[in-house]
Structures are given as C-alpha cells and as structure tokens.
Amino acid sequence: MTDGLFLGVVKRGVRRMWALELGSRRLLARSRWELRGSCQGCGSCCERPSIRVDAVVWFLPMTRRAFLAWHRHVNGFELVGTERSARTFVFRCTHFDAVTRRCDSYATRPHMCQDYPRVLLDQAWPELFTGCGFRVRDREGVRLADALDEADLSSEQREELKKRLRVD
C-alpha cells in the first residue's frame, strides 16, 4: 500500500514539525550516547514498530482512539498488541514487505522510522535490534575503560565487560 499525493504531503508536514521539536530537544540536552555504524537494511526495526506513550494517551479513551486512528490511517500502522507495563503500542506496518524487507513508502515514512535508531539515544540504556548495523557508544566511557583496564580481570572478562557496557 503506497501513499498517495495527499497522504505524502501530510506525512512530510508532520515529519518536519517533529524534526524541529526533536532537534531543539537534542540541542538543549546532549545525549550520553553516541551512535556509530550504519544501516545494513535488515528491516528488523520495520517488522513490529512500537511506540511508548504518555499517560494521557494510554488512559484516556478519546486520545487513545485518536492516536491509534492517526497511526492506522496516516502511517499505515495496524495495532497488533500492547505492553501494559511499558505503556507501549505494538504495530504491524502495512508498508513493510516481509519478503523484500523494504518499505513501499520509503520517501514518506514516519519520522520515527526515518530517525531510527537516533530516536533511542534519549533513553537511559538504548537497546538496538540484534543484527543492526548501528552500535551505541558511551561518550563518558573513557574513564570506565581506564578503570576496567586497571581491574584484576582476564582479557576475555575485560573485553566482555567493555562490550556489555558499550565502552570502546
């Protein structure tokens, strides 16, 4: 299902507004995390997009319905489940082709798709999909790496800890 002209224009406008808001937020608060690598086109981020929402969207039926309707009609996200503990909606993207692992509306994809995985850098401990070509590095990790180098550990233990703590 590809986007038509009208839907493409609407999505581009919303994407620009979101980009402005996200950019201003990032200017004000420098992230602890740095993103390295590049997209390998695995499509893992497209299979089951999920969106964590605030309490207003989660608990108020009218805002919840509006939110879900927007994502269904504008972004092509069909609700397939929820994660109550995280107030997260899990979707199936109608634009994602599981065979080719490509988006049929790539030029007008939602900003959350366009900005993945940078959108995760605001989290306390960003988790990327297995096989993702990107990796997250701790900007403050130099001191931690030095401490690990001085610790009484085997080289295997040290490397495993550096990997898990995202320290180069």
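What follows is calculated from the coordinates using simple rules that are stated; it is not laboratory data. What you see is a predicted model; the values in this text were computed from it and never measured. Note: ideal-geometry Cβ built from the backbone for every residue, glycine included; neighbour counts use all protein chains shown.
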Pairing the Cα long axis of helix 155-164 with the longest principal axis of the chain, what angle in degrees results, from 0 to 90 and rounded to the nearest 10? 30
Tell me, S50, S105 in order of fewest to most beta-carbon neighbours within 10 Å? S50, S105
Please sort 150-158, 4-12 by packing, taking for each peptide the average over its residues of neighbouring beta carbons within 10 angstrom, highest first. 4-12, 150-158
About its Cα centre, the chain carries a charge dipole, from +1 on Lys and Arg Cβ atoms and -1 on Asp and Glu Cβ atoms, whose size in debye to the nearest 20 is 780
Along the three principal axes, how long is the chain when you take its alpha carbons, biggest first, rounded to the nearest angstrom? 60, 37, 30
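If you average the sequence gap of Cα pairs under 8 Å that are 6 or more apart and divide by the length of the stretch 9-130, what percent do you get for the contact order? Could the numbers behind the result be given before it?
Numbers: 109 pairs, mean separation 35.9, N = 122.
Reported relative contact order: 29 percent.
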Residue of L35, L148, L121 that the Gaussian network model of the chain assigns the largest fluctuation, springs spanning Cα pairs under 10 Å: L148
Contour excess over end-to-end distance, with Cα ends at L153 and V80 and 0.36 nm allotted per residue: 21.7 nm
Can you tell me the orientation of helix 141-150 relative to the chain, as the angle in degrees between its alpha-carbon axis and the longest Cα principal axis, to the nearest 10? 30
How long is the gain from A98 to M17 if the chain were fully straight, where each residue apart is worth 0.36 nm and the alpha carbon distance is subtracted? 26.2 nm
